[in-house]
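What follows is a set of notes on a single structure, which appears directly below.
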Amino acid sequence: MSEGTNRRTVLAGGLTVGAGLAVGSTLARTATAGTTPAPNTRRSVSLVVNGTRRRLEVDPRTSLLDALRDQVGLTGAKKGCDQGACGACTVLLNGRRVLSCLTLAVMHDGDEVTTVEGLASGDRRHPMQQAFMDLDGFQCGFCTSGQIVSAVGLLAEKPDLRRAEIPELMSGNLCRCAAYCNIRDAIATAAGLGEDG
Amino acid sequence: MRTFDYTSPRTVDEAVRLLADHPGADVIAGGTDLVTLLRDGIRTPTHLVDVNGLGLDEVSWQPGGAVRIGALCRNAIDDPALGRAYPVLVKALRAGASPQIRNRATFGGNLLQSVRCPYFRLPEFACNRRTPGAGCAALHGDSRHHAIFGTSENCIAVHPSDCAVALLALDAHVLVQSTRGTRRIPVAELHRLPGRTPHEEHALRRDELITAVELPAGPFGAHSTYVKARDRASFAFALASAAAVVAVRGGVVRRSRICLGGVAPKPWRSTAAEEALRGRPLDDAVIEAAADAATRDAQTRPDNAYKVDLVHGVVRQALTELREQS
Amino acid sequence: MSIGTPITRIEAPSKVNGQAVYTADVQLPGMVHAVMVGSTIAAGRLRAIDTRAAESAPGVLAVLTHRNVPRWHGTPDDLHYVEPRFPLADTEIHYHDQCVAVVVATTREQAAYAAGLVAVEYEARPVVASLDAALPTAHEPVWRFEPLFPSVVEVGGPKEAFAGSAAKVDAEYRTPYHSHAPIEPNATVAQWERGRLNIHKTSQDVHGDRRIIAGALGVPADHVRVWSTLVGGAFGNKTTVWPHTLLAAVASRQVGPPVRLVTTRKQVFTGHGHQPPIIQHLRVGADADGTLRAIIHETTNGTPILFDDPEPTISPSASMYAVPALGAYVRVADMHMPAPALLRTPGDGPGMFAVGSAMDELSYALNLDPLELRRRNHLAHHPLKRKPWSGKQLLDCYALGAERFGWDRRAPRPRAMRDGDDWVGFGMSSAQRLEPHTAATATVAILDDGTAEVRTSIAEIGTGNLTTLVQIAADGTGVPVRRFGIVSGDTDLPEAAPTHGSRSTGSTGTAVHLAAQNARLAATRLAVADPRSPLHGLPTDRVGAADGRLFAVDAPERGESYQDLLRRNHVKAVTEEGHHDPNAKNQQFAFATFGAHFTEVRINRNVPRVRVTRHVAVFAIGRVLNPKTARNQAQGGIVFAAGQTLSEQLTQDPATGLFVTPAFTDYHVPVHADVGEIDVSFVEEPDYNAHPHGAKGLGEVVCVGVHAAIANAVYHATGIRVRELPITPDKLARLVRESG
C-alpha cells in the first residue's frame, strides 16, 4: 500500500498538502467491485442511488445499508448499531427518511435512495450541510450523515416545522458526543426559523 | 442470518397462497422488527414474503363512519380526519419509536411485533416463547421492565406496541385473509396471554395475513388521549402507558375505555377503571378512584412494583387531560 | 491571532458530505470479513467446540479457536494488554460474550451466518454477577502495573474527627455499570504485506496500540503501522487494544487477504469497556458553621476475576476541600465481568456524584445554602500536596454561574417549588479534574509553497483537537490557519499523547506549540543569516511573524514571506520538532481544571421522569483555544453525564451474569428530546503555569459534578434523596401516590 493513499491529511482551506480525506473513500469505491464472487442465491436489484441507476447483485440477507456501503461504495451512511436504534444509517427512501439497517436491499428494486453524498448540488453544499458546518452541529462526525439526512427528511415531512418540535422529531438520531444544542440550531437555521419560530 | 428464499407477490391472493404453500415462511412489511430478529437468529424463516407490493396502504372511510386503515399504512400516517376522530390513535403512534421507524413500520406489523423482553431477544437466555419448554430466564432475572398483569409462570414479557393499546381502546378489529377466505378478529382477541403456551403470540394462523384495521364509527373515540411513561423523553418503550377514551353526557361518564401498555403481555384493558368511571362525573375523586382501580390485581415483583404507581400516574394524567378538554 | 477565535473545524467539510473515513469505511482490495463468536456463559470453561458446520458453510475461509490460534508472543502483563490473558489463549470463561471463536468468510453475511453454526459446549461454574454478591471478596487492590494512586489515605484521625463533628452525613452512593457507547463500534482492518502489518483501527493512541500489537504478534514494532485518523466517539473505550484487533491480525495472516472485523453493537457493550459498578460510603463531618472537619470516603468497585482495576473515586475528597481529617480507602471486589476501560470521567465522575451529593446533604443538615457551604470550604491549594493550584478560578465560576442561573430564586427548603403538576428543583455541584502532563511529540513544517503542516500521531475523536492544534501552530509560526494542514492518526508520525484523560490540549498542544516556535525560529535564523533577506542581520528576537510572513518588529513593513525565503534558499521545508516533557512541568504547582454546575429539574407528579430543563455551567480551563468547539464539547459532556445520571445502566442478569441490556434499545443514552437549555461560559484566565500556551484540558471536567447537581436538584424538587444512579422513573414512582 502506498504512502499516498493511506495517509489521511486533514486540510484547512482546501489546500493540497498530502492526500485529502476523500482519498480513502475513492479507494473504497474502486476496491469493491468484483471482490466477491456472487453465489447463485444472489438476486438482482436496480436502485436509483443519488440520481444514478445502479444494478446490484445482492444476497437476499444484505441490508440496504450494507449494499450502499459495500457495493455502491457510499460509506456516508454509518452502521452504529444494526438494530434500528441509533439513526446513523438514515437515508431517504423515495424521499422519506428511513433506517437503512432495518430493511433489506432486495426489497427495494426500483426505489430511489438518497444518501448524504447525494445532497449537495455539484460543489455547493446542501443548506443543511452548510448549517451543520457553520453551527458546529457535530463532534466526532460519525452520526452526522444520519443527522443531516434525517433533518432534510424532517423538513420535507413538515414544511411548517416549528423550532420547539425539532428535538422530538429528531429523537431517532442519537449523538453520543451530544452536540444536540448545535444540531437543533443548525436545523432551525437551515429551515429559516427564528428564535421563536 | 440464515439464508431464505425471497418473494414479492403483487396481489393478496398470491401472498396468502405463498404463505399456505411454505410453512416456513415469514411475512415482511416494514421490517423494523423482523430484520433484527432475523439478524439475531431468533426467527429463521425459509421464505420471506415481502408484502410491500400489495397496496393495502389506504385509509378508507366506510358508509356509516367506520374507517378502514390498510395494513400497510405506515405508522407515520398523518391524516387530519383520523386525528380528529381518534386522537388516542394518533398520539399513540407519535409516541412510538422514531420518525424513521414510523416511516417504515406498518399497522399490521406493529400489531404483530414480538415482545421486547431482553431475555427473548438474546439467544443465550432460556425463553419459552422462542423454544417452548425451555424455561423463562426472566422469572429469576432483572424484571424492571416486565409485566404486572396477565403473566404466567412461563412468561412475564410485555407487549411493546403503543398503537395496539390505542386500537384496543377504540374497539378496533383486524381484517385477515388466507386461502380459506377472510375473517375479522377483535384487537382484544388478537394477542394471547402466555399461559402455558407463550410461543403462541397471537390468534393469527400462520397462513393468514392482516389486510386492514377497522375502527368503529364515532363519536366514541373523539374524546381520547394517550399518555406514556418511559425512561427517557423519546424513542423508548413504555414503562407504563394509558389509552383513555371517554364519552361524557349530562356531566357524567356514560362509556369509557381505559387500556394500558407496557404492563402486560398484551394490550391490557382495565374494566375496573372503566367501572369506576361509569355514571360518575370526571372529577378529582373519580379520576383518583379510576387510577387506583386500574392497578387492581397487579402481580408485582420487587423490580417492577413501581409500575403500579406509574399506572396510577398515567391513568390520572390521561383522565385529567380529558377532563380539561371537556 | 487564531487562538480564541471560533473557527470552524478543519475537517468539517468531510464530516458533512459523507466523505470522512472511519475505520469501518476502509475497503482494501480482496478484503474478507471476520465475526467473533462470544461465550453464552459468564463463568466456567469451554468443554468442547465443534467448528465443522461453520467451516463447511458457504464462503468460510477459516475458523479460529483456542485449538488453532497461533501462539501469542510476550506476556499480556509485559505488553500492558487490556487483560492478563490473550484472546483464545485457553478454555477458561471469565465473562459473558468472551470471544471463543472467530469466523472468517468472503462476505459479512457468510461470516455472520457461520458464526451461528459454531457449536460450543460449556461447563458452567457459579457466577458472581453483582457487586453486592462480590462484596465478601472486597480487598485492597493489587496493582497490575505501576500504582496510579494510593489505596489508603489517612490524615488527621478521620474517625475521631467525624465522631466529634457537630453536623454529619453518613450515606452510601451507588453507580451502575456505565458504558461508553460510542456510536462507532470498535473495528479493525488488518492487512499483511511481506511480513509487515498494516492496521486501521478505532484508536485513541496509535503508538501505544502498536507496541501491544507488535509485541503480541512477535513482529518488530517498525513492521507494524497503525492508523486512526477519525474516531467516531470514544470516551475512553478506544484507549487500548481489545481482543478483536489481535484476532483480525492473526486471521489475516492465516487467510492471506486483508480482514475487516467490525464489532457488533452487542459486543461493544459486552466486551469493550465500561465503568464498573461502584459503592461509595461517605461520612462527612462539619462544624456548625459548615467548616469541614472530616471526610471518610470508602469506595469499592467491581473488578474482573483476573485482575484488580480500582476506580479512583476518592479523587474529589482527597483534593477539593480544606478538610483537616481525611480517610480514603479504595477496595475492589471480584466479579465475572469483562475488562473495564477508563470512562469519561474516570474517578472524578462517580466520585463527585458521591462527594457532591454528600455536601448537599450536609448543607440541609446545617440549614445552609449548598453554594455557601462550598464557598466556606474553598481551598487555593492542593490539600495533600500542599502546593498552590496553578490557576483556580472556582469562586468566579460559582459567582458567574449563580448569577446566570438565578440561584437566588432557590427556595431554601426541599419540595417547595411547584409549577402546575411539576415539582421544580435547583441543584448545584462543583467540578474539578486534575490536569495531567504526558510525553508528547509533534513536528511543524513550514513549506515553500506558502503552506504549513502539523504532524503528530493524534486521533481526532470529536474533541476538535486537529483544529485547536492547528490554531496553536498557526499562532506559533504566523502562518494563517487557512494555509495549515495537519497530518495525524498514523504511527509513522511523531507520538502524540493518547487522546484520553484530557491530555490533547495540555500535552500534545504543548508539543505543537514548541514545534511551531522552533520552526519559526529556524526560519528566522535562515532569514537573518541570508544577505538577500530584508531581515538580514537582525537579532532573531527582533523578528516577528504573521500572515505567513517574517518581519522586523521595529519596522513591520520590512520583511518577506516564508515562501520567498524558502524558495530563494531552495529549502523545501523548515521542519522542527517539539517535545513535551512531563518531568519538566513546574514543580511549584498542582494542576487542575475547575467548574460549577447549576441545574433545574422538573418532575411531573403523574409521569415522574426527571427532566433537566435548564443547566448553567461555568468552567475555568485557562485559555479557551476555540470557543465554538469548546462550548460544544462542554454541552456534550454535560448531556453525557446527565445520561449517566438519569437513564443509563448496563444490567447484568443476577442469575447468570449475562448482560441483559447490551443494546441502544435498552441502554438509554440521551436523545434530542432529553436535552434542555444548556448555558456554558468560561472564566478565562490563561494558565501559563500549567502550559506555555495557557490552555488546559476540557473534555472531562465538563462531566464532573453533573450527576450530583442533578441528584441534588431532584432532592430539592421532591424531598426524595436518590443515592443510586440512574434516577429512573421507578425511583420516583412513589411521588404519584403522595398527596399533591
Test: residue in segment C:705-719 that is within 28 Å of C:R602 (Cβ to Cβ) and open to solvent by 40 Å² or more (accessible area, probe 1.4 Å) = yes
Restricting attention to segment C:66-77, does a residue exist that is touching a Cys at 6+ places or on another chain (Cβ under 9 Å) and not in a helix (DSSP H, G or I)?
-> no
Across (1) touching a Cys at 6+ places or on another chain (Cβ under 6 Å); (2) open to solvent by less than 10 Å² (accessible area, probe 1.4 Å); (3) within 30 Å of C:F589 (Cβ to Cβ), C:F664 clears everything bar (3)
Check segment C:705-723 and report whether any residue there is under 21 Å from C:Q393 (Cα atoms), in a loop (DSSP other than H, G, I, E, B) and either among the aliphatic types (A, V, I, L, M) or touching a Gly at 6+ places or on another chain (Cβ under 6 Å) (or both).
-> yes
Which of the residues spanning segment A:92-145 are acidic (D, E) and either touching a Leu at 6+ places or on another chain (Cβ under 9 Å) or surrounded by 24 or more Cβ atoms within 10 Å (Cβ to Cβ) (or both)?
-> A:D109, A:D111, A:E112, A:E117, A:D136
B:I69 fails exactly one of the following numbered conditions: (1) of a type in the set (A, V, I, L, M); (2) open to solvent by 30 Å² or more (accessible area, probe 1.4 Å); (3) touching a strand residue (DSSP E or B) at 6+ places or on another chain (Cβ under 7 Å). What is the number of that condition?
-> (2)
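Residue-wise test of (1) farther than 22 Å from B:A242 by Cβ; (2) away from chain C (no Cβ under 14 Å).
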residue: B:Y119; (1), (2): yes, no
residue: B:F125; (1), (2): yes, no
residue: B:G133; (1), (2): yes, yes
residue: B:I156; (1), (2): no, no
residue: B:A169; (1), (2): no, yes
residue: B:L175; (1), (2): yes, yes
residue: B:R183; (1), (2): yes, yes
residue: B:L190; (1), (2): no, yes
residue: B:P198; (1), (2): yes, yes
Filter the strands (runs of 3 or more DSSP E) completely within segment C:418-488 down to those with at least 2 residues that are surrounded by fewer than 24 Cβ atoms within 10 Å (Cβ to Cβ).
-> C:422-434, C:440-447
Would you pick out the residues in segment C:164-193 that are free of Cβ contacts under 8 Å to residues at least 60 places away in the same chain and either more than 11 Å from chain A (Cβ to nearest Cβ) or in a strand (DSSP E or B) (or both)?
-> C:E193
Residue that is in contact with a helix residue (DSSP H, G or I) (Cβ under 6 Å, 6 or more places away or on another chain) and either modelled with pLDDT of 95 or more or buried (at least 16 other Cβ atoms within 10 Å of the Cβ) (or both), where the choices are A:V17, A:V10, A:V48, A:V72 | A:V10
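Here are some residues: B:D40, B:D79, B:D33. Which one is of a type in the set (D, E), open to solvent by less than 50 Å² (accessible area, probe 1.4 Å) and within 12 Å of another protein chain (Cβ to nearest Cβ)?
Being of a type in the set (D, E), open to solvent by less than 50 Å² (accessible area, probe 1.4 Å) and within 12 Å of another protein chain (Cβ to nearest Cβ) holds for just one of B:D40, B:D79, B:D33, which is B:D33.
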Given C:G595, C:G637, which one is under 20 Å from the mean Cα position of the chain (by Cα), small (G, A, S) and either assigned to a loop (DSSP other than H, G, I, E, B) or at the interface with another protein chain (Cβ under 9 Å from one of its Cβ atoms) (or both)?
-> C:G637
Residues of segment C:612-634 satisfying the condition of being small (G, A, S) and either facing chain A (nearest Cβ under 8 Å) or part of a helix (DSSP H, G or I) (or both) | C:A630, C:A634
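For (1) more than 14 Å from chain A (Cβ to nearest Cβ); (2) free of Cβ contacts under 8 Å to residues at least 40 places away in the same chain; (3) buried (at least 16 other Cβ atoms within 10 Å of the Cβ), each residue gets a yes or a no:
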{"residue": "C:L64", "(1), (2), (3)": "yes, no, yes"}
{"residue": "C:P70", "(1), (2), (3)": "yes, no, no"}
{"residue": "C:D90", "(1), (2), (3)": "yes, yes, no"}
{"residue": "C:A101", "(1), (2), (3)": "yes, no, yes"}
{"residue": "C:A105", "(1), (2), (3)": "no, no, yes"}
{"residue": "C:Q110", "(1), (2), (3)": "no, no, yes"}
{"residue": "C:V118", "(1), (2), (3)": "yes, no, yes"}
{"residue": "C:S130", "(1), (2), (3)": "yes, no, yes"}
{"residue": "C:A138", "(1), (2), (3)": "yes, no, yes"}
Using the structure shown, decide if B:I148 is in a loop (DSSP other than H, G, I, E, B), open to solvent by less than 20 Å² (accessible area, probe 1.4 Å) and modelled with pLDDT of 95 or more.
-> yes
State whether the residues of segment C:593-605 include one that is surrounded by 20 or more Cβ atoms within 10 Å (Cβ to Cβ), touching a residue at least 12 places away in the same chain (Cβ under 8 Å) and basic (K, R).
-> yes
Within segment B:306-326, restricting attention to residues that are open to solvent by 40 Å² or more (accessible area, probe 1.4 Å) and in contact (Cβ under 8 Å) with a residue 24 or more places away in the chain, which residue is nearest to the other protein chains (Cβ to nearest Cβ)?
-> B:E321
Number of the condition not met by B:P118 [criteria: (1) open to solvent by less than 10 Å² (accessible area, probe 1.4 Å); (2) without any contact (Cβ under 8 Å) to a residue 60 or more places away in the chain; (3) under 23 Å from C:G116 (Cβ atoms)] | (1)
Inside segment C:273-296, the number of residues satisfying the requirement of being over 21 Å from the mean Cα position of the chain (by Cα) and farther than 22 Å from C:L371 by Cβ is 5
Is at least one residue of segment C:2-14 away from every other protein chain (no Cβ under 14 Å), in contact with a His (Cβ under 8 Å, 6 or more places away or on another chain) and open to solvent by 40 Å² or more (accessible area, probe 1.4 Å)?
-> no
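Would you point out which residue out of C:L261, C:L247 is assigned to a helix (DSSP H, G or I), touching a residue at least 40 places away in the same chain (Cβ under 8 Å), under 26 Å from the mean Cα position of the chain (by Cα) and surrounded by 23 or more Cβ atoms within 10 Å (Cβ to Cβ)? Outline the logic, then answer.
Details: C:L261 fails: assigned to a helix (DSSP H, G or I).
None of the others qualify; the one that does is C:L247.
Give the residues of segment C:664-674 that are touching a residue at least 60 places away in the same chain (Cβ under 8 Å) and either among the aliphatic types (A, V, I, L, M) or more than 10 Å from chain A (Cβ to nearest Cβ) (or both), sorted by residue number.
Across segment C:664-674, the qualifying residue is only C:V669.
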Given the conditions (1) under 30 Å from C:T229 (Cα atoms); (2) within 14 Å of chain B (Cβ to nearest Cβ); (3) in contact with a Gly (Cβ under 8 Å, 6 or more places away or on another chain), which single one is not true for A:S171?
-> (3)
Considering residues that are within 7 Å of another protein chain (Cβ to nearest Cβ) and either surrounded by fewer than 24 Cβ atoms within 10 Å (Cβ to Cβ) or not in a loop (DSSP other than H, G, I, E, B) (or both), the number found within segment C:675-703 is 1
Unique match (being open to solvent by less than 10 Å² (accessible area, probe 1.4 Å) and at pLDDT 95 or above) among B:P132, B:P45, B:P87 = B:P45
From the list C:T463, C:T456, C:T499, C:T510, which residue is within 20 Å of the chain's Cα centre (by Cα) and within 10 Å of chain A (Cβ to nearest Cβ)?
-> C:T463
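The values are calculated or read from the model by the stated rules, or taken from the named source; none is laboratory data. Fair warning: this is a prediction, and the values are worked out from it, not measured in the lab. For neighbour counting, all protein chains shown are included, and Cβ atoms are generated from backbone atoms with ideal geometry for every residue, glycine included. These accessible areas exclude ligands, DNA and RNA; they are computed on the full protein's heavy atoms, side chains included. Shrake-Rupley method; radii C 1.70, N 1.55, O 1.52, S 1.80 Å.
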